[in-house]
Amino acid sequence: LKTLAERDRVDSFSLMEKSLSVVTRQELYEPFFQQWAGKDPAAAAAKLRQIVEASPTDTGAWNNVVAQVATQWGTTDRPLALTWTQSLAGSAAKSAALIQISYLWAAREPQAAADYAAGRNDPALLEAVACTWASKDPKNAVAWAFGLPEGQKRNGAVANAVTVWAQQQPEVAAAYIG
């Protein structure tokens, strides 16, 4: 199966679906799609979309795989990975993938990732950006989080940014928060 997967991933996926038990297939999905996304993320993402859309009642089983493919693709082409992720139908899978992409994005371009996250209705996305940004630039991450509209989303982002900062520089964080 591994040799076939390296040559023709679509055929090897079909063979896996036909010849392996459900439990065995589920164990192989993540490494299979991770390898595929490393070689051809667009093709892996297209196949994954077909699977997720064909099994709307079982999208939870695919959340990790979707997030892995988005992460893999995001390391080489974040805009395309982000476009693909935004077009996904399942809210849990989409959210998991966006969070993974946001970690990568916030590590490289924290303000751009923060601007994107602020425009979405996803507290976990805001928290992920705040956490990642705070690991590199805690003062600006905390300032950004405090600048979000009051409410649960702001509270989560502030808590994540402050927690990271307090772990890195407890005295400085305490003085800033005051």
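The values are calculated or read from the model by the stated rules, or taken from the named source; none is laboratory data. Note that the structure is predicted; figures quoted are calculated from it, not measured. When we count neighbours, we look across all protein chains shown, and the Cβ atoms used for this are built from the backbone with ideal geometry, even at glycine. The accessibility values were calculated without ligands, DNA or RNA, using every heavy atom of the protein model including side chains. Shrake-Rupley method; radii C 1.70, N 1.55, O 1.52, S 1.80 Å.
Here is a yes/no grid of residues against (1) part of a loop (DSSP other than H, G, I, E, B); (2) buried (at least 21 other Cβ atoms within 10 Å of the Cβ); (3) over 21 Å from the mean Cα position of the chain (by Cα):
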| position | (1), (2), (3) |
| --- | --- |
| Val129 | no, yes, no |
| Thr132 | no, yes, no |
| Ser135 | no, no, no |
| Ala141 | no, yes, no |
| Glu150 | yes, no, yes |
| Gly156 | no, no, no |
| Val164 | no, yes, no |
| Ala175 | no, no, yes |
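Here is a yes/no grid of residues against (1) modelled with pLDDT under 75; (2) assigned to a helix (DSSP H, G or I); (3) open to solvent by less than 30 Å² (accessible area, probe 1.4 Å):
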| site | (1), (2), (3) |
| --- | --- |
| Leu28 | no, yes, no |
| Val69 | no, yes, yes |
| Ala89 | no, no, no |
| Ala113 | no, yes, yes |
